[in-house]
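Worksheet: one structure, shown below.
The values are calculated or read from the model by the stated rules, or taken from the named source; none is laboratory data. Keep in mind that this is a model prediction, so the values were computed, not measured. Please note: Cβ atoms are built from the backbone with ideal geometry, for glycine as well, and neighbour counts cover all protein chains shown. For accessibility, only protein heavy atoms count, side chains too; no ligands or nucleic acids. Shrake-Rupley method; radii C 1.70, N 1.55, O 1.52, S 1.80 Å.
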Amino acid sequence: MLKRLFIRDVLSGSLLIVLSLLLWVRTLSFPELENGYPGPALFPQLIAFCLGILGAYLVVRSVASKNTLSPSSRPSSKGRVLRLFTGIILVATYPLFVHHIHFIPIMAGLIFFFGIILNNKPWKAMLTAVLSAGLIYALFTQLLGVPL
């Protein structure tokens, strides 16, 4: 069991690193703006960088803790498939409702439900949902001028 967990973490981390490299290479063809303004490649490159860092962390952590894992440290698998399909269904509902309901309630609802699915306390999930949805909306509409 521990060997499977180790292989899964190393494989997942390696796939994240490969995905980040592919994304980074793909963004090199994006146009650059004049006068030093960030171009359309900025956010995809930030995402690629973060994915690469997280993938490397996952690989290093699993290799470094290979001998220290115990069966009791393995997370419970009860309900994992149900949570996965619930998450997929929640993400699939976004495009269906975004034209009928404003961005902030839809995003706050999705974040709240994901918090509940991940076994957070309801008040923490609600606080995170409201603050995150408001911050995302403010960043995109006020800072970047992108209508949501």
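Filter the range 19-32 down to the residues that are within 20 Å of residue 56 (Cα to Cα) and either touching a residue at least 40 places away in the same chain (Cβ under 8 Å) or open to solvent by less than 80 Å² (accessible area, probe 1.4 Å) (or both) and list them by number.
Within the range 19-32, 20, 23 meet the criteria.
Any residue in the range 39-63 that's in contact (Cβ under 8 Å) with a residue 24 or more places away in the chain and under 24 Å from residue 11 (Cβ atoms): show its pairings with residues that are open to solvent by less than 30 Å² (accessible area, probe 1.4 Å) and not in a loop (DSSP other than H, G, I, E, B) at Cβ separation under 6 Å, as long as the two are six or more apart or on different chains.
From the range 39-63, the pairs are 48/20; 51/20; 52/20; 55/13; 58/9; 58/13; 59/13; 62/9.
Quick one: which residue in 49, 43 is under 21 Å from residue 139 (Cβ atoms), modelled with pLDDT under 90, under 17 Å from the mean Cα position of the chain (by Cα) and part of a helix (DSSP H, G or I)?
Values: 49 fails: modelled with pLDDT under 90.
Of 49, 43, the one residue that is under 21 Å from residue 139 (Cβ atoms), modelled with pLDDT under 90, under 17 Å from the mean Cα position of the chain (by Cα) and part of a helix (DSSP H, G or I) is 43.
Out of curiosity, is residue 74 out of contact with any strand residue (DSSP E or B) (no Cβ under 7 Å at 6 or more places or on another chain), exposed (fewer than 11 other Cβ atoms within 10 Å of the Cβ), modelled with pLDDT under 85 and among the charged types (D, E, K, R)? Before you say what the answer is, go through the steps one by one.
Working: out of contact with any strand residue (DSSP E or B) (no Cβ under 7 Å at 6 or more places or on another chain): yes; exposed (fewer than 11 other Cβ atoms within 10 Å of the Cβ): no; modelled with pLDDT under 85: yes; among the charged types (D, E, K, R): yes.
No, not satisfied.
Which of the residues spanning the range 84-118 are in a loop (DSSP other than H, G, I, E, B) and exposed (fewer than 10 other Cβ atoms within 10 Å of the Cβ)? Even if it seems obvious, please write down each step before you answer.
Filtering the range 84-118 down to residues in a loop (DSSP other than H, G, I, E, B) leaves 98-102, 118.
The answer is 99, 100.
Checking residue 139 against (1) touching a helix residue (DSSP H, G or I) at 6+ places or on another chain (Cβ under 9 Å); (2) open to solvent by less than 90 Å² (accessible area, probe 1.4 Å): exactly one of these is not met. Which one?
(1) is the only condition that residue 139 fails.
Among the residues of the range 98-114, which ones are at pLDDT below 85 and of a type in the set (A, V, I, L, M, F, W, C)?
Scanning the range 98-114 gives 98, 103.
Which residues, counting only those in the range 119-136, are in a helix (DSSP H, G or I) and open to solvent by 40 Å² or more (accessible area, probe 1.4 Å)? Break it down into steps so the answer makes sense when it comes.
The initial filter retains those residues of the range 119-136 that are in a helix (DSSP H, G or I), namely 122-136.
Correct list: 122, 123, 124, 126, 127, 128, 130, 131, 135, 136.
So which pairs qualify, if the first residue must be in the range 90-116 and assigned by TED's automatic domain parsing to the domain that holds residue 128 and more than 12 Å from residue 130 (Cα to Cα), the second must be open to solvent by 60 Å² or more (accessible area, probe 1.4 Å) and among the small types (Gly, Ala, Ser), the Cβ gap must be under 9 Å, and the two must be at least 6 apart or on different chains?
Note: no pairs meet the criteria.
Only one of (1) open to solvent by 60 Å² or more (accessible area, probe 1.4 Å); (2) aliphatic (A, V, I, L, M); (3) modelled with pLDDT of 85 or more is not met by residue 81, so which one is it?
Only one criterion in (1) open to solvent by 60 Å² or more (accessible area, probe 1.4 Å); (2) aliphatic (A, V, I, L, M); (3) modelled with pLDDT of 85 or more is unmet by residue 81, namely (3).
How many residues are polar (S, T, N, Q) and either at pLDDT 90 or above or not in a helix (DSSP H, G or I) (or both) when one looks only at the range 5-40?
Keep residues of the range 5-40 that are polar (S, T, N, Q), which gives 12, 14, 20, 27, 29, 35.
Next, only the ones that are either at pLDDT 90 or above or not in a helix (DSSP H, G or I) (or both) stay: 14, 20, 27, 29.
So the answer is 4.
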